[in-house]
Amino acid sequence: MSSLARTLANLDQFRVVSRDLTKGTFTGGAFTAVAYALLLLLFIAELGAFLRTNYQTNIVMDQNNDELIQINFDILMYDLPCKYLKISVFDKFGEEKLNSTDQFHYIPVDHKGQYKGMAYTKEEIALLEQADTVTDVTDAEQKELDADWSSSSDHFKHKDFHAAVTFHEFTIVNFFAEWCVHCRKFSPMWNEAAGKISEKMKFTDGDGRETTVKFLKMNCVDFQQNCQQEKI
């Protein structure tokens, strides 16, 4: 040992007791065994907590004082064409339907959820809703909408002429009056054309889709107010 090391050893104020001068006791051994056991349990618990996976959900309220809050959500319906979908928003009581169709976007996706087209426009959504309206009517309502407005004394109600015209995608209306000579002369040709074409002959529209045309008659004597609304 060097002189510097011996000098530092002589200055040591924290001298170590020699092992020959110490003696093990039962109490000390018991405390040592308990300490080792606690260390082993602590190690096992920490290792188990590290290997386990726990899921936790935290809900945090947004600090927003506005009366209205915007909520964005996506709904994916795989392999279901958009034309068969209809979205409606109601209030929390389920009684009042909210008019928010401008906030809906229909985007075609494939069976994996990947986009396969562009979002539907407002005009396309309106066409989809119109087609959905056609499928929502009962058989009695469909007969009412298909019936000619030739007389106010028939068994049909004839309440909504606009609904009768827009029920079909294309409708040709014959406004007539029984006292009109020209209307009476035209009636046989109209009946013949209606029998051959109305909802029977297939046509192709501007989008290349197959469709039909509805022939509808309107009696401007019995339904004078409706004809005046149509500028007849």
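Annotations
- In the range 84-104, the residues that are modelled with pLDDT of 70 or more and of a type outside the set (G, A, S): Y84, L85, K86, I87, V89, F90, D91, K92, F93, E95, F104
- The selection criterion, being in contact (Cβ under 8 Å) with a residue 12 or more places away in the chain and part of a loop (DSSP other than H, G, I, E, B), holds for D222.
- The residues in the range 41-71 that are under 28 Å from V89 (Cβ atoms) and hydroxyl-bearing (S, T, Y) can be counted, and the count is 1.
- Condition met for S88 (under 30 Å from Q114 (Cα atoms), open to solvent by less than 100 Å² (accessible area, probe 1.4 Å) and not charged (D, E, K, R)): yes
- Among residues of the range 1-14 that are of a type in the set (D, E, K, R) and at pLDDT below 75, none has a Cβ under 8 angstrom from a residue that is open to solvent by less than 100 Å² (accessible area, probe 1.4 Å) and not in a helix (DSSP H, G or I) at a sequence gap of 6+ or on a separate chain.
- Filtered residues of the range 15-52 (kept if assigned to a loop (DSSP other than H, G, I, E, B) and at pLDDT 80 or above): R52
- Residue match in the range 151-159 (condition: closer than 30 Å to I87 by Cβ and modelled with pLDDT under 85): yes
- Among the numbered conditions (1) assigned to a helix (DSSP H, G or I); (2) closer than 30 Å to F104 by Cα, the only one that T7 does not meet is (2).
- Reported count of residues in the range 171-194, each being open to solvent by 40 Å² or more (accessible area, probe 1.4 Å) and part of a helix (DSSP H, G or I), is 9.
- Test: residue in the range 64-80 that is surrounded by 10 or more Cβ atoms within 10 Å (Cβ to Cβ) and within 60 Å of the chain's Cα centre (by Cα): yes
The values are calculated or read from the model by the stated rules, or taken from the named source; none is laboratory data. Keep in mind it's a predicted model, so treat the numbers as computed, not measured. Don't worry about glycine lacking a Cβ; one is built from the backbone with ideal geometry, like all the others, and counts go over all protein chains shown. For the accessible areas, the whole protein counts, side chains as well, though only heavy atoms, and no ligand, DNA or RNA atoms are used. Shrake-Rupley method; radii C 1.70, N 1.55, O 1.52, S 1.80 Å.
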